[in-house]
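These notes concern the structure reproduced below.
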Amino acid sequence: MRVKLSPIQAKMQPGVENHQQSKIVHIDMDCFYAAIEIREKPDLIGQPVAVGGRPGGRGVLTTCNYEARKYGCRSAMPAFKALEMCPHLVILPVRHDLYRAEAMRIRKIFREFTPMVEPLSLDEAYLDLSHLKSKGSSLAREIRFRIRNKTGLSASAGIGPNKLLAKIASDWNKPDGQFEVRPDEIGAFMENLAVSKIWGVGRKTEERLAALGVKTCGELQGLNLAELHIAFGRFGGELYRLCRGQDPRKVTPNKERKSVSVERTFRADLSTREDGEAELGKLLEELKEECSCKHKDRLVRSAFVKVKFTDFKQTTVECRSEELSYPVFSSLIEEGWKRGGGKSVRLLGVGVRFHPLGQDSDRWQLELFEEIN
């Protein structure tokens, strides 16, 4: 039986002429968890709604809708603080099984267009549509339409020639919108873009760049490769390319992040464990920010630290833990430091490993972040 294709589908047949230019789409669901809860409880429409926290205002929010954001509420904010800003905020408990089921429905829609799907979390993913003839903007619009039609949820999309630009663009016309950065627009687009929009630039890096007089990607382009290497080490090379809109990373299907970590190489070696303890708090803050911003749906299985000594030998210490707590990491650093036999330390790293996707835990990861506040 011959199936009649829609105009969009007819254009989606694989072609060869577009292989020279990548078409990457980043789909980001709008207030995903809160949007699902409001869909399930229509009487909440128009009210400020958040998901997360615990009774009595404890814990932190995993997400909130735009009505709540008008009061300053945001994800990873302690629930008690959100209630101070918005006393009539409706805080609902997390229903992770429901959100995961919706995410699987949405990923099925993605795979109607391409097998090249790289989920970043339950509510966002990269799609490589380079093999399709239709314009990236048309494909993104069709994907968003199908998501709304089948789930009742809205999504925003970014379209670009690489992952960096697509992800930045998806935030441009939120909620329920899309934006495209074409290859001939990259220079102008990056010129006035805030450095905080660059992949890998967190609050600490943003502060260090501001100290150098750099707030935009155009200003960052004024620093040469050598200057960036001196200031940021190996990441300096990444910054040099990213601030110009260059990103060679490919869309990797079925990629599941197993761990996340942050580390720092010190200009002067740390000679005592007390020096290491002094750096631990800073590293944990960065790890907390990384987890809450990019891996909010993952459950922590264990904690680990990496210690590299002045002779470049290194050791890793790990323990079973669901907590991002200072005492846990402090004890790991103490053990790692002992293994050096008195040697100075040139690098410290802290990280967590996640439960595999699909496995449940008795505790929701984000509620544990309060341990280090």
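The values are calculated or read from the model by the stated rules, or taken from the named source; none is laboratory data. Because the structure is a prediction, the values reported are computed rather than measured. All Cβ positions, glycine included, derive from the backbone under ideal geometry; neighbour counts span all protein chains shown.
Please indicate, with yes or no, whether at least one residue in segment 337-348 is of a type in the set (Lys, Arg), over 19 Å from GLY59 (Cβ atoms), modelled with pLDDT of 80 or more and in a loop (DSSP other than H, G, I, E, B). Yes, segment 337-348 has at least one match. Test ALA101 against the criterion of being crowded, with 22+ Cβ neighbours inside 10 Å and either closer than 27 Å to GLN246 by Cα or of a type in the set (Gly, Ala, Ser) (or both), and give yes or no. Here the answer is no, as ALA101 does not meet what is asked.
Scanning segment 151-164 for residues that are in a strand (DSSP E or B) and crowded, with 24+ Cβ neighbours inside 10 Å turns up ALA155, ALA157, GLY158, ILE159, GLY160. Within segment 200-222, the set of residues being in contact with an Asp or Glu (Cβ under 9 Å, 6 or more places away or on another chain) and exposed (fewer than 14 other Cβ atoms within 10 Å of the Cβ) comprises GLY200, ARG203, GLY213. Within segment 85-144, being polar (S, T, N, Q) and touching a residue at least 24 places away in the same chain (Cβ under 8 Å) holds for SER121, SER130, SER134, SER137, SER138.
Scanning segment 279-327 for residues that are out of contact with any Asp or Glu (no Cβ under 7 Å at 6 or more places or on another chain), charged (D, E, K, R), within 14 Å of ARG353 (Cα to Cα) and assigned to a strand (DSSP E or B) yields ARG301, GLU318, ARG320. Looking at segment 77-84, can you tell me whether even one residue there is in contact (Cβ under 8 Å) with a residue 60 or more places away in the chain and of a type outside the set (Asp, Glu)? Within segment 77-84 (the criterion being in contact (Cβ under 8 Å) with a residue 60 or more places away in the chain and of a type outside the set (Asp, Glu)), the answer is yes, since at least one residue qualifies.
Across segment 109-134, what is the total count of residues that are among the charged types (D, E, K, R), within 15 Å of ALA166 (Cα to Cα) and modelled with pLDDT under 95?
Here is the first cut: in segment 109-134, the residues among the charged types (D, E, K, R) are 111-112, 118, 123-124, 128, 133.
From what's left, within 15 Å of ALA166 (Cα to Cα): 118, 124, 128.
Then drop every residue that is not modelled with pLDDT under 95, which leaves 118, 124.
The qualifying residues number 2.
Screening ARG148 against (1) under 12 Å from MET29 (Cβ atoms); (2) part of a loop (DSSP other than H, G, I, E, B) leaves a single unmet condition, (2).
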